[in-house]
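So the structure is just underneath, and the comments pick up after that.
Derivation of every value follows stated rules applied to the coordinates shown; laboratory data play no part. Quick caveat, the model's predicted, so the values are computed rather than measured. When we count neighbours, we look across all protein chains shown, and the Cβ atoms used for this are built from the backbone with ideal geometry, even at glycine.
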Amino acid sequence: MSDRKLVSTAAGLHTGPFGWVEWLLMAGTAIMWGSSFLWIAEALETIEPATVTLGRLVLGAVALGASRRARAPVDRIDRSRIALLGIVWMAVPLLLFPIAQQWVDSSIAGMVNGGVPLFAAVIAALLLRRLPGRVQSVGLVLGFVGVVLVALPSVTDADGSPLGVGLIVIATVMYGLAVNLSVPLTQRYGALPVLWRAQLTAIVVTAPFGIVGLADSSWAWSGAVAMLLLGVLSTGLAFVAMAELGRRVGPTRGAIGIYFIPVVAMVLGVVFRSETLAGAAIAGTAFIIIGAWLNSRRES
């Protein structure tokens with residue numbers, strides 16, 4: 001299928017086993033996105049959800065725009081594809097998550113978000129008209145089982161309304177689509193020019209909602225620091241790392257780092273909030289590591 005269609009994807013440039021660069025990109029994505037749920041929760045104490053979304057996008061765009069490479073030209077024919085990427089990867093999901101987290105605990109949000117690699121694999125199979133290899137398929141399933149086990153101890157005592165969970169599912173499906181859309185674009189231009197323009201599109205889309213939310217928001221240093229981390233790391237650098245990994249290894253293998261997000265959130269909870277570590281969570285982490293290792297092998 002031609003990657004010049006509006007909705008398309010492409011295979012990765014690197015079909016062999018992961019090297020240190022791929023592992024580093026995956027770890028960086030997991031750490032930055034795994035901590036984002038904490039920053040969102042802290043920011044929501046004083047800032048309205050839509051304003052959180054707008055603020056993180058503006059900070060992310062400023063961080064990426066500081067690089068001259070981000071302003072490299074792109075072909076006119078691809079501008080609509082980049083705009084679509086900005087909507088389905090940033091504008092809509094980043095609006096839905098803080099709204100949903102008003103009714104859904106972060107543990108549930110993290111578990112549902114763990115479905116991104118599965119959605120990415122299904123969409124890639126449809127667009128590329130071929131199924132993932134057997135080794136990668138087993139890795140995807142084991143990884144998701146691990147995500148469920150990690151989140152299970154918290155989910156049993158967590159609050160989660162059907163509406164909130166539904167919003168997160170919609171965002172997760174969009175993430176799976178976006179991972180696919182980003183691959184051919186970043187293969188042509190690199191991650192920075194694509195992600196910076198996508199963020200500018202998302203800012204335009206979310207600005208009316210974020211500006212309205214300013215009236216009901218208040219200033220606090222804790223919220224400001226959380227927004228800075230959420231914007232520069234989780235919205236700027238994390239998206240670039242994720243897109244670069246997808247560019248190198250394709251949408252299915254590139255999304256596997258999402259499985260480590262609840263592991264990062266769990267570790268942060270133990271270190272900074274004195275949360276207990278359940279046996280199921282330890283077993284789930286082992287499943288995730290095995291699943292990631294299987295996906296890191298040469299495509300079969």
request  = Per DSSP H run of n ≥ 4, the term is -39500 (n - 2.57); total these for the chain, divide by its residue number, and report the mean residue ellipticity at 222 nm rounded to 500 deg cm²/dmol.
outcome  = -22500 deg cm²/dmol
task = Enumerate the calculated ³J(HN,Hα) couplings along region 35-43 in order (Karplus 6.51 cos²θ - 1.76 cosθ + 1.60, θ = phi - 60°), each rounded to whole Hz, writing x wherever the residue is Gly or Pro.
result = 7, 5, 5, 5, 5, 4, 4, 5, 5
ask   = How do the peptides 172-182, 62-72 rank, highest first, by the average count of neighbouring beta carbon atoms within 10 Å per residue?
value = 172-182, 62-72
task = About the Cα centre of region 97-241, how large is the charge dipole given +1 on each Lys and Arg Cβ and -1 on each Asp and Glu Cβ? Please answer in debye to the nearest 20.
result = 800
key: Residue (of ILE258, TRP103, ALA224) at the positive-pole extreme of the chain, dipole from beta-carbon charges   = ILE258
note = One finds the C-alpha centres of region 222-262 and region 91-148 to be spaced, in Å, by 14
task = Compare the peptides 43-55, 218-230 by average per-residue count of other Cβ atoms within 10 angstrom and give them in order, highest first.
result = 43-55, 218-230
ask   = Taking the Cβ-Cβ separation of SER80 and GLU45 as r and a Förster radius of 35 Å, what is the calculated FRET efficiency to the nearest 0.05?
value = 0.40
query = Which order do peptides 232-240, 208-216 fall in by mean Cβ count within 10 Å, highest first?
reply = 232-240, 208-216
